Amino acid sequence: FDPVLSTPPSPQPLKPVQLIELRAHGRFGEVYKGTMATEAVAVKIFPMKEKVSWMMEQDIYKLPHMKHDNVLRFIAAEKRDDKLWLISQFHDLGSLCDYLKGHKLTWLDMLKIGESMAKGLAYLHDDIPGAGHSEAKPSIAHRDFKSKNVLLKSDLTACIADFGLALKFDAGKSAGEIHGLVGTRRYMAPEVLEGAICFNRDAFLRIDMYACGLVLWELVSRCSAAEGQIDNYQLPFEEEVGTHPTLEDMQEYVVLKKCRPTIKETWLRHSGLEVMINTIEECWDQDAEARVSANCVHERLIALSRLTNV
Ligand code: ADE
């Protein structure tokens, strides 16, 4: 705006939001179910000292082309009562992690969740060139991909949430080299655990793909398509390192021993699950450059759906 001729744009009037119940604890704040007018919303409340995370997360949501079925829909960010709020769509089923604790998956449930999750991740990773009046979308690395940050919609498709650590990479601009021992230890790729110092765009996308492999493993571990019993839900590596692994625990298993979550023999005897497992192993390859892209995982899951839906 022109400071001489006009007044600054006034902020949108705040619609009243009523907080109803605490639903989740995030890295930087708590998530409540609330209502805004008649709509159910999720409200993530950050303390003031987490202002940087609140800013970073809304900056990602406000990028062009961030409306996608498989990316959590952002509604607003505002300061209220000395706290920082981030308001988004509410999904009653909550996170994939919570869902897997309480539910087994049929073969079709598993494919639907896996395919929609890969579609969301591929969309984030892709850039969209600007054209005419349409703005460009940069490639985005999530950097904290895990089953807690994948939400399930009521039709059992996935949407990706929690962009507090995400990074954007504008096409043609060199991102500089960004240091990166961030994310959740359990889901850290070997090169992150090893303490490699800097990564470029492609390296960050490959780090997301490693974590995506672990989440796909979580899906398979709760899928009823294989013969035999289905174990209670466990996080990836929970069997090996328990619920509160140190960085050293993760380094020992993932870097030194090159361990990955257990693949049961019964899974490999199911021809569809075998394809899933092959894809998972290509996601979590020790060699980052050998990992498949999110687009490729998405394509494979679509092909698998076509084969098994007939
Ligand atoms: N937990 C974290 N974010 C959520 C959301 N948007 N809806 C439901 N549960 C959530």
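Bear in mind that the values in this text are calculations on the coordinates, not laboratory data. A quick note: this is a predicted structure, and the numbers were derived from the prediction, not measured. Cβ: placed from backbone, ideal geometry, glycine included. Neighbour counts: every protein chain shown.
Of the trypsin sites (Lys or Arg not before Pro) found in the range 163-244, the ones in coil according to DSSP and having at most 15 other Cβ atoms within 10 Å of their Cβ are Lys173.
Long hydrophobic helices in the chain, taken as whole DSSP H segments with a C-alpha length of 30 Å or more on their own axis and mean Kyte-Doolittle hydropathy at least -0.5: 201-221.
Ordered from longest to shortest, the equivalent ellipsoid semi-axes for the range 29-170 are 24, 22, 13 Å, each the square root of 5 times a Cα gyration tensor eigenvalue. Ranked by the mean number of other Cβ atoms within 10 Å per residue, highest first, peptides 29-42, 117-130 order as 117-130, 29-42. The coefficient of translational diffusion for the range 77-119, derived via Stokes-Einstein from the alpha carbon Kirkwood radius under 10 °C and 1.306 mPa s, stands at 122 µm²/s.
Gln58 sits among other residues whose Cβ lies under 15 Å from its own Cβ, and their net charge, with Lys and Arg +1 and Asp and Glu -1, is +4. Across every pair of non-identical alpha carbons in the range 222-310, the mean reciprocal distance, once inverted, gives a Kirkwood radius of 14.9 Å.
Scaling against 2.2 N^0.38 Å puts the C-alpha radius of gyration of the chain at 1.04.
Within the range 27-80, the proportion of Cα pairs with more than 14 Å between them is 59 percent.
When the P(r) of the range 110-167 is calculated, the portion above 20 Å amounts to 32% of the C-alpha pairs. When both bridge partners sit in the chain, DSSP labels roughly 95% of those beta bridges antiparallel. Cα centroid separation, the range 70-118 to the range 129-158: 12 Å. A simple packing score, the average count of other Cβ atoms within 10 Å per residue, orders the peptides 294-301, 283-290 as 294-301, 283-290, with the highest score first. The listed peptides 253-266, 145-158, ordered by packing as a protection proxy, come out as 145-158, 253-266 (highest mean of other Cβ atoms within 10 Å first).
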